[in-house]
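Only one structure is covered here, and it is reproduced in the block below.
The values are calculated or read from the model by the stated rules, or taken from the named source; none is laboratory data. Everything numeric in this text was worked out from a predicted model, so none of it was measured. Cβ: placed from backbone, ideal geometry, glycine included. Neighbour counts: every protein chain shown. Just so you know, the surface numbers come from the protein's heavy atoms only, side chains and all, with ligands and any DNA or RNA stripped out. Shrake-Rupley method; radii C 1.70, N 1.55, O 1.52, S 1.80 Å.
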Amino acid sequence: TNMGITRKMSFGINSKFNGIESKTPFLIGVSGGTASGKSTVCKRIMEKLGQVDMDHQQRRVVCISQDSFYRNLTPTEKLKAEKGQYNFDHPDAFDDDLILQTLQDILAGVKCEIPAYDYRTNSLMKDQVTTIYPADVVLFEGILVFYFPKIRDLFHMKLFVDTDSDTRLARRVPRDIKERGRDLDYVLNQYMNFVKPAFEEFCLPTKKFADVIIPRGADNTVAIDLIVHHIWDILRLKKAENSTGQHPFFYQHRRT
Ligand code: UZR
Ligand code: MG
């Protein structure tokens, strides 16, 4: 039977069998501890995907951050956050229903809107929404993107950026001070009380779900090149499928 093939390449097959013309993007999840280099890995993948394909002008690659899906804080939680007593690294801090719904919309080729997050005020900026149009490749990055099983199951490819904890802390401290407007005491307290324990309890155990683990993060150009070439191959197959109206694997399989 063709079950194995259909399942493996389901992102391409679905769009055709449903009779929907919309694009079903290739959805990649990128996780890893705080300041592991998730955003930079996504940026490199996006840059390189543009370089390798001649049709890159038509290709749409978008990156979404899990930070856009923080729950809005109640006034009490806001006060806690200001004192560094709110746990932003716990799964409960995220609106997992909204993540699921948004990713399902994206997979269905439906345009959707994503709010921006302001780390200085710990709140969503409702007036600064990004519209995500149907794309070829969608990257979704965040500390807990593999934590929720229903969300985890949606990814066609799962990457885990594995950077040493001391390196991550050394990056996190100046970033929070410079970019997120905090002082050293606040950052270190938060790290010891919430960031480190939550990483060990909720993020690190999801490493086993990854298809590819990237040691050292964005410095690892070999890993990023391999990943990009793999994505590129998949996109080429998808394109061939679209132009022949048949998935190449599927077509071959039926004829033989
Ligand atoms: P990355 N975070 C904040 O510091 N403030 C917020 O309002 C929302 C999130 C932090 C969060 C987590 N924890 O460690 C980090 N804290 O953002 C995740 N404290 O972002 O993966 O880029 O490090
Ligand atoms: Mg980030």
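Is there a pair in Lys23/Lys196; Lys23/Lys78; Lys43/Lys208; Lys80/Lys111; Lys43/Lys178 whose C-alpha atoms are over 30 Å apart, and which pairs would that be?
Check vs 30 Å cut-off fails for Lys23/Lys196; Lys23/Lys78; Lys80/Lys111.
So what's the net charge close to Pro215: Lys and Arg +1, Asp and Glu -1, counting the other residues with Cβ under 12 Å from its Cβ?
-1
Order the following by accessible area, largest value first: Asp162, Asp153. Probe radius 1.4 Å; ligands, DNA and RNA are ignored.
Working: Asp162 55, Asp153 120 Å².
Per-residue accessible area, sorted high to low, gives Asp153, Asp162.
Quick one: with all protein chains in place, what share of the accessible area of segment 112-256 is carbon or sulfur, to the nearest percent (1.4 Å probe)?
Its accessible area is 53 percent carbon and sulfur atoms.
Provide the net charge surrounding Leu124, with neighbours chosen by a C-beta distance below 11 Å and charges set as Lys +1, Arg +1, Asp -1, Glu -1.
-2
With a probe of 1.4 Å, find how much accessible area segment 101-187 has per residue, and write the answer as a whole number in Å².
Using a 1.4 Å probe on heavy atoms only, each residue of segment 101-187 averages 48 Å².
Quick check: with the 1.4 Å probe, what order do Thr40, Thr221 take by accessible area, largest first?
Listed by decreasing accessible area, they come as Thr221, Thr40.
Along segment 99-116, what does the Karplus equation 6.51 cos²θ - 1.76 cosθ + 1.60 (θ = phi - 60°) give for ³J(HN,Hα), rounded to whole Hz, x for Gly and Pro?
3J(HN,Hα) across segment 99-116, in whole Hz: 4, 4, 5, 5, 5, 5, 4, 4, 5, 7, x, 9, 5, 9, 10, 10, x, 8.
Label-point separation (nm) for Arg152 and Arg175, each offset 7 Å from Cα along Cα-to-Cβ?
Going by the 7 Å Cα→Cβ label model, 2.3 nm.
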